[in-house]
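Visitor: Supplied in structure tokens, the structure appears directly below.
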Amino acid sequence: MKLDDFLSLDEQKRIVEAIAEAERMTSGEIRVHVTPTCDGDPLEQAREVFAQLEMYKTRQRNGILLFLAFESRKFAIVGDEGIDNVVPDDYWNSERDTLMGFLKRGEAARGIEGVIRSFGEKLKAHFPIEEDDVDELSNEISYAD
Ligand code: CA
Ligand code: CA
């Protein structure tokens, strides 16, 4: 499966916009990483990507990574300790399961945008936007080479 079969260019653009919009309400940072395949545990790989993208470099440790291995159909979410400490234990899994439902129906873009909005709401509740907000992590989708 090619990336554009999973997400069209237009949908990819909309996802970047959804991230920007969510981040207007919060100091938290959201990133999306897409890769064709994932062997093994997606959560483990997502944690590696989180480190590679240096997503821990936020002042309040409130970065969230959505990891999507579209060909392998494996997905994972990693929230840094600042946000992980304040959400319910099952929050990440429940968001992942919601997204999975959309993906199964072939509504990847809708599902991803929805989950980004939900991250935005969660982040906003705990890390509201501040006057001197900095975009600490790029809103662009990260693509595996
Ligand atoms: Ca920010
Ligand atoms: Ca950002």
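The values are calculated or read from the model by the stated rules, or taken from the named source; none is laboratory data. Small disclaimer: the values here were computed from a predicted structure and weren't measured. Here the Cβ is made from the backbone with ideal geometry for all residues, glycine too, and neighbour counts use every protein chain on show.
Visitor: Checking the condition farther than 15 Å from PRO42 by Cβ, in a helix (DSSP H, G or I) and over 12 Å from the mean Cα position of the chain (by Cα), which residue from GLU131, GLU121 passes?
Guide: GLU121
Table: residues versus (1) part of a helix (DSSP H, G or I); (2) farther than 26 Å from ASP133 by Cα; (3) under 13 Å from the mean Cα position of the chain (by Cα); (4) more than 16 Å from ligand 2 (Cβ to nearest atom).
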position	(1), (2), (3), (4)
VAL34	no, yes, yes, yes
ARG47	yes, no, yes, yes
PHE50	yes, no, yes, no
LEU65	no, no, yes, no
THR98	yes, yes, no, yes
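Visitor: A follow-up question, please. Restricting the search to segment 126-142, which residues are hydroxyl-bearing (Ser, Thr, Tyr) and either in contact with a strand residue (DSSP E or B) (Cβ under 6 Å, 6 or more places away or on another chain) or at pLDDT below 95 (or both)?
Guide: Passing the criteria: only SER142.
Visitor: Now a separate question. Is it the case that some residue within segment 5-18 is closer than 23 Å to ARG105 by Cβ and in a loop (DSSP other than H, G, I, E, B)?
Guide: Looking for residues that are closer than 23 Å to ARG105 by Cβ and in a loop (DSSP other than H, G, I, E, B), one finds at least one in segment 5-18, hence yes.
For every residue, the table says whether it meets (1) surrounded by 12 or more Cβ atoms within 10 Å (Cβ to Cβ); (2) within 16 Å of ligand 1 (Cβ to nearest atom); (3) in contact (Cβ under 8 Å) with a residue 40 or more places away in the chain.
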site	(1), (2), (3)
SER94	yes, no, no
PHE102	yes, no, no
ARG105	no, no, no
ALA109	yes, no, yes
ILE116	yes, yes, yes
LYS124	yes, yes, yes
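Visitor: Output yes when any residue across segment 64-73 is closer than 21 Å to ALA144 by Cβ, within 16 Å of ligand 1 (Cβ to nearest atom) and without any contact (Cβ under 8 Å) to a residue 60 or more places away in the chain, and no when none is. Let's see the steps before the verdict.
Guide: Here is the first cut: in segment 64-73, the ones closer than 21 Å to ALA144 by Cβ are 64-73.
Remaining after also requiring within 16 Å of ligand 1 (Cβ to nearest atom): 64-65.
Applying the additional criterion that residues be without any contact (Cβ under 8 Å) to a residue 60 or more places away in the chain yields 64-65.
Yes, the conditions are met somewhere in segment 64-73.
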